[in-house]
Amino acid sequence: MIVTLIIVCEVGFWVLLAVGFGLRYGLRMPRASVAVLLCQPLLEAVLFVATVVDLKNGAEPDWKHGLAAAYIGYSVALGHSTVKWVDVRVAHRFAGGPPPSTPKYGVARAVHEWKVAGLWILACAVALALLQAAIWYVGPDGSTASLVQWQQRMLFVAGLNVVIALTYTVFPKKAPAAPARGERRESAVRR
């Protein structure tokens with residue numbers, strides 16, 4: 001049941017995005033769009049309640065409950081930035097908005113990567129807290145090994161994002177050198 005609900009929440013997330021941006025850019029109804037987009041946290045609330053009820057009814061904690069915690073953590077920390085990411089692209093494609101821009105080089109890229117890493121760390125922290133709450137809820141009598149494994153996975157994901165951001169800091173990608181004025185003219189003459 002939990003896996004099905006996670007799939008329903010993910011599909012619901014994208015359906016709400018499509019409806020919300022359809023209202024905003026297709027029908028020019030920004031208030032209705034905001035109302036639809038604000039319904040997204042309800043999906044995570046439903047998943048959270050269903051997971052708690054499942055555990056309360058005596059379900060053995062397993063990978064599904066860990067996946068639910070990870071999904072909720074991602075949604076809480078990165079849901080808003082995902083909506084913004086899609087919004088910029090939809091606005092550019094359908095409403096004449098500016099093209100999406102992500103810094104590609106130097107300090108600006110490193111700062112961007114640290115912001116992304118911070119969001120992932122928050123997502124992992126939320127998932128870790130939910131997993132720990134589930135471990136305490138189940139108690140020492142239940143089998144919580146799968147939940148502990150999910151906690152280790154969340155620590156790995158957080159660490160991986162720190163390493164990625166660190167590589168952009170230590171080894172910043174340099175912008176390609178712009179051709180000198182004379183070189184540009186010579187190449188134009190050769191053609």
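The values are calculated or read from the model by the stated rules, or taken from the named source; none is laboratory data. Worth saying up front: this structure is predicted, and the values here are computed from it rather than measured. Using ideal geometry, Cβ is built from the backbone for each residue, glycine included, and neighbour counts are taken over all protein chains shown. Areas reflect the complete protein model, heavy atoms only, side chains present, ligands, DNA and RNA absent. Shrake-Rupley method; radii C 1.70, N 1.55, O 1.52, S 1.80 Å.
Can you pull out every residue in the range 1-26 that is of a type in the set (Ser, Thr, Tyr) and touching a residue at least 60 places away in the same chain (Cβ under 8 Å)?
First, the residues of the range 1-26 that are of a type in the set (Ser, Thr, Tyr): 4, 25.
The one that is of a type in the set (Ser, Thr, Tyr) and touching a residue at least 60 places away in the same chain (Cβ under 8 Å): Tyr25.
Considering the range 27-47, and only residues there that are in contact (Cβ under 8 Å) with a residue 40 or more places away in the chain and open to solvent by 20 Å² or more (accessible area, probe 1.4 Å), the residue that is nearest to Ala145 (Cα to Cα) turns out to be Val46. The set of residues in the range 127-149 that are part of a helix (DSSP H, G or I) and not aliphatic (A, V, I, L, M) comprises Gln132, Trp136, Tyr137, Ser146, Gln149.
The lone criterion from (1) within 29 Å of Lys64 (Cβ to Cβ); (2) among the aromatic types (Phe, Trp, Tyr); (3) at pLDDT 95 or above left unmet by Tyr168 is number (1). Residues in the range 87-122 that are in a loop (DSSP other than H, G, I, E, B) and either of a type in the set (Asp, Glu) or closer than 17 Å to Leu27 by Cα (or both): how many? Here the count works out to 2. Pairs meeting the criteria (first residue in the range 94-106 and under 23 Å from Ala177 (Cα atoms) and open to solvent by less than 50 Å² (accessible area, probe 1.4 Å), second residue of a type outside the set (Ser, Thr, Tyr) and assigned to a loop (DSSP other than H, G, I, E, B), beta carbons under 9 Å, at least 6 apart or on different chains) are Gly106/Pro172; Gly106/Lys173; Gly106/Lys174; Gly106/Ala175.
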